[in-house]
Amino acid sequence: MRVVRERLSMVLGALGVVALLVPAGVHGHVATALAAAPVSHTSLSDPVYYLTITATAPYGYQPDTVANLPLNTMINVTFIDDTPLQHSFNISSREGVEIVNYTTTTAEELNRILFSAPALYATIANGPGEKTEGEFLSPATPGWYEFICNVTGHFQMGMFGYIAFGEALPTNLTLPSGTGAGSGIGLPPVADVGIALAAILVVLGVVLLRLRRIARDRAMEESDKASPILPRPPSPP
């Protein structure tokens, strides 16, 4: 029974390690894609402003602040994911409202705030090099808005920024802490999963070796019990 208990505890320990390691190779995902207000051109001659936003490693945007964009203008957005992770780019439609205490805002609170009204613009990119394009009509009156990544945990890591139309940004806004620089550096998701699986195999290998040692020791104990202890022959006179 002692051997059985030892083996069971080893297996349960291995399963616990597996449960901890597997999520390490899986990245967070957007729980629900935000809906953006529909837009359409009124004329082929409408002015168009081109805006490129890049998701950068580890959790940032380039640029993370944009000011003085034209009013009542079609904004053509190119969103590029330059990291190994999935990211989103969502411009809140709440003018002049900053989500404070970003490090402690829960995912539920964040989505409740974002879903209170359709986003000005919303898109998702799913990995390194992926690019999305879209457009939205900028507001008709001056104002500023916050944009964020709502992939689980990314906003709390400082992945947000601000955009202003027809005016400069206020000077008292909380600056993002997750701003990246240059190309995203890191392993692709497949490599992350491979590392996690390799770690799992190492742990299981250690467990199997331990089980074999326990079985060997148990076999030796049984062998010792089965072998009679013969008396020593008397010494010659």
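FYI, it's all coordinate maths here, none of it is from the lab. The model shown is predicted, which means the values in this text are computed figures rather than measured ones. Glycine gets a Cβ as well: all are built from the backbone with ideal geometry, and neighbour counts include every protein chain shown.
Data for the structure
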quantity: Fewest-first ranking of Ile200, Ile91, using other Cβ atoms within 10 Å as the exposure measure; calculated: Ile200, Ile91
quantity: Exposure proxy ranking, count of Cβ atoms within 10 Å, fewest first, for Leu137, Leu201; calculated: Leu201, Leu137
quantity: Taking Tyr49, Tyr59, Tyr121 and counting other C-beta atoms within 10 Å, the order from fewest to most; calculated: Tyr49, Tyr59, Tyr121
quantity: Debye log10 I(q)/I(0) at q = 0.25 Å⁻¹ for the range 72-116, Cα point scatterers; calculated: -1.09
quantity: For peptides 96-108, 149-161, sequence by mean Cβ density within 10 Å, most packed first; calculated: 149-161, 96-108
quantity: Under Karplus coefficients 6.51, -1.76 and 1.60, residue-wise ³J(HN,Hα) of the range 77-93 in Hz, glycine/proline x; calculated: 10, 10, 10, 10, 9, 10, 9, x, 9, 6, 9, 10, 10, 10, 9, 5, 8
quantity: Two-decimal Rg/Rh across the range 45-161, once Rg and the Kirkwood Rh are taken from alpha-carbon atoms; calculated: 0.95
